[in-house]
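Taking it in order: structure first as structure tokens, then the write-up.
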Amino acid sequence: MLASYAVRVESSLGRRYPEAPHPYRDDFQRDRDRIIHARAFRRLENKTQVFTHRLSDHFRTRLTHTIEVAQISRTIASALQLNEGLVEALALVHDIGHPPFGHSGERALDAAMLEHGETFDHNLHALRIVERFEQRYASHPGLNLTFEVREGIIKHSHDYAPEYYPELAEYLLDQRPPLEAQLIDHTDEIAYNTADLDDGYEARLLKLDDIRRELTLFDRYFRQVEREFSGVRDKLRFNEALKRMLNHLVTDLIENTRNRVQAAGVQSVEDIRKYPERLAAFSPTTDNERAQIKQFLHQNVYQSESLRPQKADGERVVKDLFRYWMEHPLDLPASYQRQMKSESRARVICDYIAGMTDNYILDLHKKLMARSISK
């Protein structure tokens, strides 16, 4: 049973290229499967989340993070009686536009594009991937995803002003996205806040006493765990407290979103779209706790001295290759050279780099920098 304000697949605005219905999968389930089988999705396995795989095989990658977001998202969608198929597709595709080296690679690409009067946005790049770069079907370009999934790709995390993005006019930029898309930004943060605490503790960047002192939510649950498991080693008590903290964030998001929807009196997807603000949200108290976790991670993990060399290397590799191909465009693959007939050189190079895995770009950088020296 779906809530009255859930997206119904039979009411979908459809695909760009009409297709016959499948006998036992609805359109959102087919979108989910197309995303999973996409090359860009597979490449997430070798893209950095926070810690490079060179440090340990135990740390999250973009792919394992994506799977965790999908699990959390489906749980919340089920509790709120939203369309689980649509939510799962959006969760699985939400990071598909990220370049190698995590946010360091994204910053480097955006900085390189700004020098040529353009920008890099991983949400808009994800749309380009599913619309153009994934070539798997004889009948149409791209994955031919439904409107609702394409809309959610660009609108799940923030709104785009219509006057600045006229090329996105078809995606109803003057309206809110459905709740299924609104959830993804929050489930993404739940996943990475808890996972990055876990990986940061595993990497010994974070000390248990510091986490407890700075994060009131974590400390509250750790105190419970201490009373219940007094003889257990710290790592297992840490795991238990983290699990309970994650459950608290998920439960709060479910309950507060449900309360906001009821208070708003919305009865349909159209009501959700026309509401003046997004309705998926944490309660004020939990939102403060969430912000506390995020700030703690920024100060103690993302901006840590020990990760600085890793991030600097990633940015340098991206900038070196971008500069190299701007000077030597004939060294690009033939398919990318052809794209320069309709796209700027900078955009084509940006697209090429953004699709690379960490391993591939490092190998290519070594090869092309040696070639550059010999020229």
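The values are calculated or read from the model by the stated rules, or taken from the named source; none is laboratory data. Computed from a predicted structure; not experimentally measured. Backbone-built Cβ (ideal geometry, glycine too); neighbour counts: all protein chains shown.
Tabulated results
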| read-out | value |
| --- | --- |
| Filtered residues of the range 317-344 (kept if of a type in the set (Lys, Arg) and surrounded by fewer than 13 Cβ atoms within 10 Å (Cβ to Cβ)) | ARG338, LYS341 |
| Scope the range 18-67; condition surrounded by fewer than 21 Cβ atoms within 10 Å (Cβ to Cβ), charged (D, E, K, R) and either under 13 Å from the mean Cα position of the chain (by Cα) or part of a loop (DSSP other than H, G, I, E, B) (or both); matching residues | GLU19, ARG25, ASP26, ARG54, ASP57 |
| Among the candidates SER73, SER4, SER78, residue that is in a helix (DSSP H, G or I) and exposed (fewer than 14 other Cβ atoms within 10 Å of the Cβ) | SER78 |
| The range 81-117 - residue that is assigned to a helix (DSSP H, G or I) and without any contact (Cβ under 8 Å) to a residue 12 or more places away in the chain and, of those, surrounded by the fewest Cβ atoms within 10 Å (Cβ to Cβ) | LEU114 |
| Hits in the range 329-360 - residues which are closer than 19 Å to GLN135 by Cβ and free of Cβ contacts under 8 Å to residues at least 12 places away in the same chain | ALA334, SER335, GLN337, ARG338, MET340, LYS341, SER342, GLU343 |
| Checking ASN144 against (1) more than 28 Å from VAL266 (Cα to Cα); (2) at pLDDT below 95; (3) not hydroxyl-bearing (Ser, Thr, Tyr), the condition it does not meet | (2) |
